[in-house]
1. Calculate the mean, over all residues of peptide A:140-148, of how many other protein chain Cβ atoms lie within 10 angstrom of the residue's Cβ.
2. Once you keep just the Cα pairs under 8 angstrom separated by 6 or more residues, what percentage relative contact order results for chain B?
3. Please determine, in degrees from 0 to 90 and to the nearest 10, the orientation of helix B:94-114 with respect to the longest principal axis defined by the Cα atoms of chain B, where the helix direction is its Cα long axis.
4. Taking only the alpha-carbon positions of chain B and ignoring solvent, what does the Debye formula give for the base-10 log of I(q)/I(0) at q = 0.10, 0.11, 0.12 Å⁻¹?
5. Helix B:59-77 sits at what angle to the longest principal axis of chain B, using alpha carbons and giving 0 to 90 degrees rounded to 10?
6. Calculate the mean, over all residues of peptide A:40-52, of how many other protein chain Cβ atoms lie within 10 angstrom of the residue's Cβ.
7. Helix-derived [θ] at 222 nm for chain A: sum -39500 (n - 2.57) over DSSP H runs of at least 4, divide by residue count, nearest 500?
8. Give me a comma-separated list of calculated 3J(HN,Hα) values for segment A:219-231, in order, Karplus coefficients 6.51, -1.76, 1.60 applied at θ = phi - 60°, integers in Hz, x for any Gly or Pro.
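Each reported figure results from applying straightforward, stated rules to the coordinates on display, with no laboratory input. Values in this document were obtained by computation on a predicted structure and should not be read as measured data. Neighbour counts are summed over all protein chains in view; Cβ atoms, including those assigned to glycine, are modelled from backbone coordinates with ideal geometry.
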Amino acid sequence: MLQLQQLAAGYGNIKALKNIDLTVPAGSIVSLIGANGAGKTTVMKVIMGLIKPESGQILFKGQKISGVATHKIVSLGLSLVPEGRSILSRMTVLENLEMGACQRKDNEVQADLHRIFQRFPILEERKAQLGGTLSGGQQQMLAIGRALMSRPELLLLDEPSMGLAPLIVADIFKVIQEINQEGTTVLLVEQNVRQALKIAKYAYVLETGRISLHGQAVDIAKDPRVMEAYLGGKK
Amino acid sequence: MFLQQMINGITLGSTYALIALGYTLIFGVLNIVNMAHGEIFMFGAFIGLILATTFNMSIFSALLGAMIAGAVLGYLMERLALRPLRRRKVSELAPLISTIGVSIFLESLALRLFGPQAQSFPSIYAAQLFEVGGLKISAVQIIILAISFGLMVALRFWLAKTRLGKSIRATAENIETANLLGVDTQKVIVLTVMLASALGGGAGVLVGLAFNAIEPTMGITMGFKGLAVLILGGLGNITGAMVGGLLLGIAEIFSVAYGVSSYRDAVAFGFIILLLFLRPQGIFGSKEQQGGR
Ligand SMILES: Nc1ncnc2c1ncn2[C@@H]1O[C@H](COP(=O)(O)OP(=O)(O)OP(=O)(O)O)[C@@H](O)[C@H]1O
Ligand SMILES: [Mg+2]
């Protein structure tokens, strides 16, 4: 569904990504793991067109999307839940969700809204509240719900578990799995490596802008280098 | 007496509020102060005047014409002076300087096109006076109040309820997030600048009606007042711009009414400085940094 080919990108003189190859097959969950500053967020931003690649290309369903404007990429069926959630804090919960559907012209928006409220009942309770008043976990639910409102075929999640209590993290991972089972392909960036490898089919390890390792998630989880660097050295 | 001055103050203040709304809208999505807004306002006044006198149009058609002219100027400014500076590694100050360039250009252009002398609207509207319970209110005042409050209410409603209005608010809060949600933020920025400039152009006609003097240099003073209201109300805050504009108008009228007319601007700005001492972030401003850039 998504292919990055020899992708390089950066910020001015900083080369954050060096010749990345990465494939996300339709229907799967793919995890991208790596330490702080490895370039994970940069991968997400390049895919969404927020940063222009210096070389290489990005294909979505066989179509080249590198160089396409961000809002058009969204309309093609990609959606990003950004790092730190980026809730519109001066707009209400309902308005945040509506903004997620801002390009849709079909008449199933209300039905989708209803579905999201079923999945996250707390959002319905708080729908008239400003986004900024929600707790971290609720904001993450809102960010995921909002991203789903555009009906993406491929959902990108950038560290959805960041800063959340363990119980809520478990919830979020469960929701990601459900979303995937309902047919949405997922590319997941995580520092919570254990969980990310558990729910993923494939995994990529990013180290200072390069893919150092990739393969089936179960194999990656057993790799001694990964165990040492990301899983605290033991099973 | 007090109530009479209050009405005069609110009338004047409502035009300031319209001007300040233009600053606020643009500040919201672009995080810059549009230094050319006063000149767009002045152009609106002249276009309205020409439509009303040379073309004998009604005041409402003249107003509409001035708003359209404002929107066109806004569009040109965005495409020619602001957009080329975006997405490029230039100083944060570059777009500000660019709008100063636009303001100088527009003022010189107005001097050439309209001449340096002050001109005025035909006085038919000012002559009609209505008396309600001892209060005098002129037809002009009624027109100004109705139009500026009408525009403000419509704008509020539009920003709160429509898809495009919400897109503007989302873009003003965080442009990258709005972009990721599928908002064509370039389009939103153009539209916002056009809308703000249309309000500015319309305010030009209203102020022209109120003061009966239109001249190419009027943009500067009015620009500073709008800017002061932007800061007074709290940067980027819509309600703040409305309330701040009304307050400034009332302060000005009262300083005239109670005998310090040659210092009206000094008193009004002194009042703003005082308020800012008490609330540095503006009346409705929040302490956090606004905008997403
Ligand atoms: N806006 C920016 N300007 C300059 N350099 C940046 C910018 N954003 C990121 N970088 C640099 O690019 C590299 C990759 O950053 P990136 O944010 O993609 O890492 P990350 O893997 O997402 O890290 P984290 O786990 O902390 O989120 C880092 O060295 C970082 O310092
Ligand atoms: Mg990151």
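1. Working: counts 0, 0, 0, 1, 0, 0, 3, 2, 0.
Partner Cβ neighbours, averaged per residue: 1.
2. On the way: 503 pairs, mean separation 110.4, N = 293.
RCO, chain B: 38 percent.
3. 40
4. Log10 of I(q)/I(0), two decimals: -0.51, -0.62, -0.74.
5. 30
6. On the way: counts 0, 0, 0, 0, 1, 2, 0, 0, 3, 2, 3, 0, 1.
For this peptide, the per-residue mean of nearby foreign Cβ atoms is 1.
7. Details: 10 runs with 88 residues, N = 235.
Mean residue ellipticity at 222 nm (helix-derived): -10500 deg cm²/dmol.
8. Each residue's phi maps through the Karplus curve to give 6, 4, 5, 8, 5, x, 5, 5, 4, 5, 7, 10, 10 Hz.
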